[in-house]
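For reference, the structure discussed in these notes is given below.
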Amino acid sequence: MCEVPVFYATTEGQTRRIAERFAAQLRELALDSRAIAIRSTAAEAIDWTQVRGACLAASLHRQHHQPEAAAFAARYHRELSNVPSMFVSVSLSAASKNENEKRAAVKLAEAFPLEAGWTPWKVAAVGGRLAYTQYNWVVRWMMRRIALKEGASGDTSRDHEYTNWDEITRLADRLAYQVRRREYFPPGNMLTKAG
């Protein structure tokens, strides 16, 4: 059983790390939570009747999130929409010093659930990691050029962290609050309707 699963799709591993931190914070708040890879048997075996809330995290590459994340969101859009849920888009653009890049990252994040037919409670665009050590030489060269243009580090000898971990904790806290709020004030309750 998992009350608040944190599903994720990852390419270089940063989104997995974010999902794990998110789930750990939910457990700190006394909610049963695990980070679950979308491509795993655990994701297929989730008992949606036990789910009280959910998070889906995916990373953005060349202006697209992973196809498996899009397929998962489309397949389970009703289940995700029926509980307090959140989409977390992970990208370097979200941490850019260029405001236009940040706005573009937010727009792509907001478009993702809409295309799947999912209505999340919250959409967030968060910074990722420049994983130079995991790229082949062509990708490393290309990413270095982009990074320098955007004001990020061009030191390819190591990876560079752009995730704001305090923001991840705050997002998990907010989702936990929504899960509990929904249980105290279920949809259709007069207090909920009154605001």
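Tabulated values for the structure
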item: Local electrostatic count at GLN178 - Lys and Arg +1, Asp and Glu -1, tallied over other residues with Cβ under 15 Å; result: +4
item: Antiparallel DSSP beta bridges within segment 74-195, percent to nearest 5; result: 25 percent
item: Highest-MSF residue in the chain out of GLY117, GLY151, GLY53 [GNM, Cα springs under 10 Å]; result: GLY151
item: Segment THR11-ARG103, length gained on full extension (0.36 nm per residue, minus Cα span); result: 30.9 nm
item: Contour excess over end-to-end distance, with Cα ends at ARG174 and TRP137 and 0.36 nm allotted per residue; result: 9.3 nm
item: Calculated FRET efficiency for the pair ASP166/ARG145, C-beta based, R₀ 35 Å, to 0.05; result: 0.70
item: Gaussian network model of the chain, Cα within-10 Å springs - most flexible of VAL139, VAL90, VAL179; result: VAL139
item: Listed residues TRP48, CYS2, VAL83: farthest to the positive end of the dipole of segment 1-111 (Cβ charges); result: VAL83
item: Spherically averaged projected area of segment 1-145 from its Cα convex hull (nm²); result: 8.8 nm²
item: Choice from SER40, SER89, SER153 showing the highest fluctuation, given a GNM over the chain with Cα pairs closer than 10 Å; result: SER40
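No value in this document is a laboratory result; all are computed from the given coordinates. A quick note: this is a predicted structure, and the numbers were derived from the prediction, not measured. Here Cβ is always computed from backbone atoms with ideal geometry, including for glycine, and neighbour counts include all displayed protein chains.
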